[in-house]
Amino acid sequence: MIRPATRGDLPAILSIYAAARKFMAETGNASQWNDSYPPVSLVEEDLKKNQLYVITTDTVSQETVSDDFSPLSGTVHAVFAFLPGEEPDYNVITDGHWFSDAPYRAVHRVASDGTIRGVVSQCMDYCKSQCSHLRIDTHENNLVMQHQLEKNGFRRCGVIHIADGSPRIAYEYDSSF
């Protein structure tokens with residue numbers, strides 16, 4: 001189930017981001033998120049703006065859960081930010097182009113505790129049901145996310161640079177593709 005995150009979800013969300021940082025480091029992507037990204041202040045801002053969502057399980061079958069995990073009802077397993085309006089980092093794109101200039105929503109900070117499968121697909125299906133034009137970016141070393149985005153119908157567009165100047169691979173989904 002996907003629902004807006006609440007303040008009470010904050011400890012679980014922070015734990016999920018810690019698990020995601022560990023997973024990224026173990027899979028060759030140690031530099032995308034440092035030891036403290038996203039900072040608590042950004043997560044709290046997302047909560048305050050009602051743009052943070054969680055994926056929970058009420059009842060989970062054994063096929064969707066790793067063998068060593070028994071979730072409780074309503075356990076938070078994943079988190080993502082779904083932002084309205086334009087993303088300033090997406091104003092300039094190099095080594096390619098956006099395929100559509102239509103209004104879009106941005107998806108950011110997708111993370112999972114690693115215990116359920118299909119989190120990116122669930123997240124993207126939800127976002128697609130809310131908006132037909134989406135943009136997202138990821139680090140060049142985040143091969144897992146690149147694969148998941150392409151699997152979910154996103155097209156690689158080029159390179160954007162985030163606020164600190166770091167490059168990110170830009171992806172776009174438009175239902176008209």
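The values are calculated or read from the model by the stated rules, or taken from the named source; none is laboratory data. Treat the numbers as computed from the prediction; the structure is a model and nothing was measured. Cβ sites come from the backbone with ideal geometry, for glycine too, and all protein chains shown count toward neighbours. Side chains are part of the model used for accessible areas, which takes the heavy atoms of the whole protein and leaves out ligands, DNA and RNA. Shrake-Rupley method; radii C 1.70, N 1.55, O 1.52, S 1.80 Å.
Check cross-link reach from K151 to the lysines: straight Cα distance under 20 Å, and skip same-chain residues fewer than eight apart.
Straight-distance partners of K151: K128.
Give a residue-ordered list of calculated ³J(HN,Hα) values for the range 44-56 (Karplus: 6.51 cos²θ - 1.76 cosθ + 1.60, θ = phi - 60°; whole Hz; x for Gly, Pro).
Karplus values, whole Hz, x for Gly and Pro: 5, 5, 4, 4, 4, 8, 6, 10, 10, 10, 10, 10, 10.
Each label point is 7 Å from the Cα along the Cα-to-Cβ direction; what then is the distance between the points at S129 and Y37, in nm?
3.0
HN-Hα J couplings of the range 144-151 from phi, Karplus 6.51/-1.76/1.60, θ = phi - 60°, integer Hz, Gly and Pro as x?
Here the 3J(HN,Hα) series is 4, 5, 4, 4, 5, 5, 5, 4 Hz.
For V110, enumerate residues with amide H under 5 Å from its amide H, sequence gap 5+ or separate chain, H modeled in the peptide plane.
Excluding prolines and chain starts, which carry no amide H, the hits are A81.
State the answer as a single residue: which of P39, S15, Y53 lies farthest towards the positive end of the charge dipole of the chain, with beta carbon charges of +1 for Lys and Arg and -1 for Asp and Glu, about the Cα centre.
My answer, from the dipole projection, is Y53.
Could you derive backbone 3J(HN,Hα) for the range 14-24 from the dihedral phi with the Karplus parameters 6.51, -1.76 and 1.60 (θ = phi - 60°), listing whole Hz in sequence and x where the residue is Gly or Pro?
3J(HN,Hα) across the range 14-24, in whole Hz: 5, 5, 5, 5, 5, 5, 5, 4, 5, 4, 4.
Based on the Cβ-Cβ distance of R117 and S175, what FRET efficiency does E = 1/(1 + (r/R0)^6) give at R0 = 30 Å, to the nearest 0.05? Before the final figure, lay out each step's value.
On the way: r = 25 Å, r/R0 = 0.82.
Plugging the Cβ-Cβ distance into 1/(1 + (r/R0)^6) gives 0.75.
Tell me, what % of the accessible area of the chain is carbon and sulfur with a 1.4 angstrom probe?
On the way: 4660 of 9160 Å².
After summing per-atom areas, the C and S share lands at 51 percent.
What does the accessible area per residue of the chain come to in Å², with a 1.4 Å probe and no ligands, DNA or RNA counted?
Numbers: 9160 Å² over 177 residues.
Accessible surface, normalised per residue, equals 52 Å².
Would the chain count as rounded, prolate or oblate if I go by the C-alpha gyration tensor, calling it rounded below 1.5 in a/c and otherwise prolate when a/b exceeds b/c, oblate otherwise?
Working: a/c = 1.55, a/b = 1.46, b/c = 1.06.
Judged from the Cα gyration tensor, the chain comes out prolate (a/c at least 1.5, a/b above b/c).
Based on DSSP H runs of at least 4 residues, each adding -39500 (n - 2.57), what is the mean residue ellipticity at 222 nm of the chain after dividing by all its residues, to the nearest 500 deg cm²/dmol?
Details: 4 runs with 47 residues, N = 177.
My calculation for the chain gives -8000 deg cm²/dmol from helical runs alone.
Compute the separation of the alpha-carbon centres of the range 1-62 and the range 106-160 and state it in Å as a whole number.
14
So for the pair K22, K48, with labels modelled 7 Å out along Cα→Cβ, what separation do we get in nm?
For K22 paired with K48, the spin-label model returns 3.0 nm.
So, counting K/R as plus one and D/E as minus one, what does the shell of residues with Cβ under 13 Å around Q122 add up to?
So the environment of Q122 carries a net charge of +3.
Placing unit charges on C-beta atoms (Lys and Arg positive, Asp and Glu negative, everything else neutral), compute the dipole magnitude of the range 104-151 about its Cα centre in debye, rounded to 20. If you can, show how the numbers build up before the last one.
Values: 6 positive and 5 negative charges, 34 e Å.
Rounded to the nearest 20 debye, it is 160 debye.
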